[in-house]
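A quick write-up on the structure given underneath.
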Amino acid sequence: MRALAGEHVEVTGFVSDEELAQRYGTARVAIVPLRFGAGVKGKVVEAMQQGLPLVTTGVGAQGLVGLEVVATVADEADGLAAGLLSLLEDDALWLQRSRAAASYCRGQFSRDALGRALESAFAMEKKA
């Protein structure tokens, strides 16, 4: 991994929660180019909750219905690069995606969303 470091790439290794929060605060875009895994990816949701527009792969989007509406989802290097560059260069797109991602997370992962899901589950249990 260290061989990937260069003028525009920093390889950090482990970072504390405090440092991660600081890095989110200074980042413009989050890219999560996952190739393997299953289920909802915490790093994808976490980045969007921080207000960062997101570029990820189909694997990164697994379990997140409708994510392609608020984030760039691409599996090829060219698509990931194009999505990343568009968010770095287009301030209006950046702002729209930042707001959409945060709204998506509030709708899916907030305490209110959890409460609605629990109420729905309990209502289904009562009917059974």
Checklist entry - The list (i) 52; (ii) 40; (iii) 47 gives values of percent of Cα pairs over 20 Å apart, and only one came from this structure; which label was calculated from it? => result (i)
Checklist entry - How about region 1-67: which chymotrypsin sites (Phe, Trp or Tyr not before Pro) there lie in a loop by DSSP and see at most 10 other Cβ atoms within 10 Å? => result PHE14, PHE36
Checklist outcome for this item: With label points set 7 Å from each Cα along the Cα-to-Cβ direction at ALA5 and LYS127, the distance between them in nm comes to 5.7 nm
Checklist entry - Of ALA100, ALA27, ALA74, which is the most mobile in a GNM of the chain whose springs link Cα atoms less than 10 angstrom apart? => result ALA27
Checklist entry - Using a 1.4 Å probe, what is the accessible area per residue for region 28-73, in Å²? => result 45 Å²
Next on the checklist: Cut-off 10 angstrom, C-alpha nodes, Gaussian network model of the chain. Which of VAL69, VAL40, VAL11 fluctuates the most?
Outcome noted: VAL11
Checklist entry - Helix-derived [θ] at 222 nm for the chain: sum -39500 (n - 2.57) over DSSP H runs of at least 4, divide by residue count, nearest 500? => result -17500 deg cm²/dmol
Checklist entry - What number comes out for the charge environment of ALA61, summing +1 per Lys or Arg and -1 per Asp or Glu over other residues with Cβ under 9 Å away? => result 0
Next on the checklist: Going Cα to Cα from LYS41, which aspartates and glutamates come in below 18 Å? Please leave out same-chain ones fewer than 8 positions away.
Outcome noted: ASP17, GLU68, ASP75
Item to check | In region 34-65, the trypsin sites (Lys or Arg not before Pro) that fall in loop regions by DSSP, at most 12 other Cβ within 10 Å | outcome: ARG35
Item to check | Contour minus Cα-Cα distance for ALA82 and GLU18 (0.36 nm per residue) | outcome: 20.0 nm
Checklist entry - Relative contact order, percent, of the chain when contacts are C-alpha pairs under 8 Å separated by at least 6 residues? => result 20 percent
Next on the checklist: Rounded to the nearest percent, how much of the accessible area of the chain (1.4 Å probe, protein heavy atoms only) is carbon and sulfur?
Outcome noted: 56 percent
Checklist entry - Just in region 70-127: which chymotrypsin sites (Phe, Trp or Tyr not before Pro) are loop by DSSP and have at most 13 other Cβ atoms within 10 Å? => result none
Item to check | About the Cα centre, charge dipole magnitude for the chain (Lys/Arg +1, Asp/Glu -1 at Cβ), debye | outcome: 560 debye
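The values are calculated or read from the model by the stated rules, or taken from the named source; none is laboratory data. Please read these numbers as outputs of a predicted model, since none were measured by experiment. Neighbour counts run over all protein chains shown; Cβ positions are idealised from the backbone, glycine included. Only protein heavy atoms, including side chains, enter the accessible area calculation; ligands, DNA and RNA are left aside. Shrake-Rupley method; radii C 1.70, N 1.55, O 1.52, S 1.80 Å.
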